[in-house]
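To start, the structure itself, in structure tokens.
The values are calculated or read from the model by the stated rules, or taken from the named source; none is laboratory data. Remember, it's a predicted structure, so these values are computed and weren't measured experimentally. Counting neighbours? That spans all protein chains shown, and the Cβs are built from the backbone with ideal geometry, glycine included. For accessibility, only protein heavy atoms count, side chains too; no ligands or nucleic acids. Shrake-Rupley method; radii C 1.70, N 1.55, O 1.52, S 1.80 Å.
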Amino acid sequence: MKISLKRKLIFSFIVVILSSTIISGIISNYFINKKFNDYLISEQDTKIQNIISILQDSIKVNNDIRYFNKDEITRYAENQELYIEIKDLAKNTIYSSGNSHFTRRDNMRRMMNSMGKNSPMMDAKKYIEKEYPLKYNNSVIGYATIGYYSTSYFSLASINFLSTLNNSLIISTLIALLLGLVVSIIISKELSKPLVNITAATNKMRQGNLEIRLEEKGNTREISDLSKSVNYLADTLKNQEMLRKRLTSDMAHELRTPLTTLKTHVEAFMDGVWEVNSDRLQIFYEEIERLNSMVDDLYKLSKLEELNVNLNLSKLDISQELRKIVETYTPIYEKDGHLLLADIEDNIDILVDKDKFKQIIYNLLSNALKYLNSHGKVELSLHREDENLSIIIKDNGIGISKEDLPFIFERFFRSDVSRNKSTGGSGIGLTITKSFVEAHGGKISVSSLLGEGTCFKIILPIRN
Ligand code: ADP
């Protein structure tokens with residue numbers, strides 16, 4: 001069963017408020033009750049000790065158990081709601097305070113019952129009576145019986161106190177529930193509104209609207225992070241969509257040219273306009289080669305997409321390897337009137353897959369060459385940078401526009417300028433280069449200015 005965020009929050013607030021007030025109610029009731037009981041017991045003990053010492057004091061004065069201030073004892077018994085009886089050694093009653101004052105108390109109890117202020121504690125009225133020896137010069141000369149009802153003025157106060165406490169707990173619970181309800185509604189609105197917006201936006205994206213973007217501000221970090229991620233996802237999807245469309249039209253365009261050439265030639269042969277000769281067959285052959293290399297590229301790419309670039313690592317003096325590559329490329333550059341300069345730091349050994357490393361440098365050097373203007377210049381450098389090495393390949397060729405730059409590592413991406421330059425590329429060289437660099441735990445970045453040149457930088461970790 002799915003429950004809305006609002007209901008969940010309201011439910012949780014109510015549960016927390018109710019359980020905390022019930023628990024604090026139970027705990028405070030228990031401790032207050034206990035404290036009052038302890039107090040009552042010690043109070044009762046003091047009263048009894050008082051009356052015993054009054055009696056013993058008067059025996060001391062008169063040296064006889066029959067002579068003591070009866071009025072004082074009677075007053076005390078009435079005031080303290082005690083029953084007092086004094087007996088001699090033969091257990092003959094000498095004095096009794098009577099129990100008229102208890103009847104008064106019973107009357108009060110009855111009155112309170114009729115007013116509806118009944119309480120179980122008042123009803124649990126228990127008469128307790130105990131006998132205490134009265135002593136003179138350490139020998140027992142008589143007995144005092146003292147009785148009282150377990151409920152007293154103090155227990156009434158405790159009952160009142162507890163009921164006031166419980167009433168205030170109930171009132172504060174009601175107020176807290178009301179506040180909790182308001183707060184949970186406000187919070188749930190604050191949380192659910194952006195979530196509803198995000199759901200609506202993602203639904204629109206699902207239907208193909210990749211232009212939609214979410215507000216990234218807001219004061220809940222997780223929600224603004226989520227909005228940012230959704231926006232990023234939309235950007236990525238939009239770019240992918242753009243690249244996909246571009247790839248389809250590029251592929252159609254690339255395929256159409258050789259196919260059209262082949263078709264027109266075959267038609268000319270069939271119509272007898274042209275005769276088959278080796279030159280014409282050579283054109284056929286070249287067009288078929290072009291188609292073939294495109295299919296090859298597609299195959300390479302599908303391999304690359306399997307994403308598990310297997311590296312055959314071995315220790316390589318990369319300084320020496322780069323010098324060899326530069327030597328190989330220099331005549332190719334010079335043939336077209338370009339310059340290839342190298343600034344290579346000595347003795348840098350790293351663990352690399354030699355073939356893949358060569359492929360990385362070949363791709364970048366041949367791209368630089370492809371996109372040079374006449375009498376261009378390419379500079380290659382190798383240096384240590386802390387725990388890494390950096391290889392920079394910088395050219396002063398046609399450059400890449402700001403709009404195209406973010407996509408050049410995407411598969412089949414070719415800038416409009418380079419396409420016009422009919423360089424014969426298919427736009428996967430850099431995709432392969434990047435995946436090889438990353439497979440070695442490295443990074444490749446590019447900076448470029450249209451019309452001024454391009455600079456590729458590779459960072460590879462030196463692991464010895
Ligand atoms: P391609 O086979 O088309 O060269 P790449 O993946 O190697 O494919 O390069 C992708 C695109 O990046 C190229 O079509 C070109 O537009 C741009 N590019 C790459 N290197 C350079 C460079 N050195 N100067 C200018 N543009 C470049």
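In segment 410-417, the condition of being within 8 Å of the ligand (Cβ to nearest atom), closer than 22 Å to Met294 by Cβ, open to solvent by 30 Å² or more (accessible area, probe 1.4 Å) and aromatic (Phe, Trp, Tyr) is met by no residue. Mind listing just one residue for me: the one in segment 340-357 that is within 16 Å of the ligand (Cβ to nearest atom) and surrounded by 15 or more Cβ atoms within 10 Å (Cβ to Cβ) and, of those, farthest from Phe456 (Cα to Cα)? Result: Lys356. One residue alone among Ile462, Ile360 is more than 9 Å from the ligand (Cβ to nearest atom), at pLDDT 90 or above and closer than 19 Å to Arg323 by Cα, and that residue is Ile360.
Each row is one residue, and each column tells you yes or no for (1) open to solvent by 60 Å² or more (accessible area, probe 1.4 Å); (2) assigned by the TED database to the domain that holds Phe407.
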site	(1), (2)
Asp235	yes, no
Gln240	yes, no
Leu262	no, no
Glu275	yes, no
Leu298	yes, no
Ser314	no, yes
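Residues in segment 380-405 that are part of a strand (DSSP E or B) and within 16 Å of the ligand (Cβ to nearest atom): Leu380, Ser381, Ile391, Ile392, Ile393, Lys394, Asp395.
Within the option set Glu190, Glu216, being surrounded by 11 or more Cβ atoms within 10 Å (Cβ to Cβ) and part of a helix (DSSP H, G or I) holds for one residue only, Glu190.
Would you be able to tell me the number of residues in segment 277-294 that are among the hydrophobic types (A, V, I, L, M, F, W, C) and open to solvent by 60 Å² or more (accessible area, probe 1.4 Å)? Lay out the reasoning, then the answer.
Applying the first criterion (among the hydrophobic types (A, V, I, L, M, F, W, C)) to segment 277-294 yields 281, 283-284, 288, 291, 294.
Right, trim to open to solvent by 60 Å² or more (accessible area, probe 1.4 Å) and you get 281, 283, 288.
Of the residues in segment 277-294, 3 are among the hydrophobic types (A, V, I, L, M, F, W, C) and open to solvent by 60 Å² or more (accessible area, probe 1.4 Å).
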